[in-house]
Amino acid sequence: MTKNWTVVESATAADGTRIDADTAKRLAREFESDDRALDVAHRVRARAGRPSLTGTPGTTPKVAARIPDALREAVEAKAAHENITLAEAIRQALRSWVDAA
């Protein structure tokens, strides 16, 4: 049985791979033609989490640091003012520090 699918312009898979409309249609056809596709024993669990920052499959390393409350509040306020996330603000600060060396 063939179904009509609504396809968006593009999407990103859990591993960071871009999926365009043609790829989505091909994957849908492959799924529909696989008799085992809905069999739980043959399903592969998708990797949870966000796509890698490098744009390649895999994970991006995490770095943790303890900082005083006042510094965190100042960074959060500046990030909110610039409409960026706390993580992006920290990445930008680290890039600037490394580039200045």
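Every number in this text was worked out from the coordinates using simple rules, so none of it is lab data. Note that the coordinates shown come from a computational prediction; the quantities given were computed from them, not determined experimentally. In this analysis, Cβ positions are derived from the backbone assuming ideal geometry, glycine residues included, and neighbour counts consider all displayed protein chains.
Check Ile19: other-chain or 5+ apart residues with amide H under 5 Å from its amide H, H built from backbone geometry? It is Ala11, Thr12, Ala13, by chain and number. Protection proxy ranking, highest mean first, for peptides 94-100, 23-29: 23-29, 94-100, where packing is the per-residue count of other beta-carbon atoms within 10 Å, averaged. Couplings 3J(HN,Hα) for the stretch 90-98, derived from phi with the Karplus relation 6.51 cos²θ - 1.76 cosθ + 1.60 (θ = phi - 60°), are 5, 4, 4, 5, 5, 4, 4, 5, 5 Hz, where x marks Gly and Pro.
Computed from backbone phi, the HN-Hα couplings of the stretch 66-79 come to 8, 9, x, 3, 4, 5, 4, 4, 5, 5, 4, 5, 5, 4 Hz, rounded to whole numbers (Karplus: 6.51 cos²θ - 1.76 cosθ + 1.60, θ = phi - 60°; Gly and Pro given as x). Once the chain from Ala70 to Ala93 is taken as fully extended at 0.36 nm per residue, the excess over their C-alpha distance is 6.6 nm.
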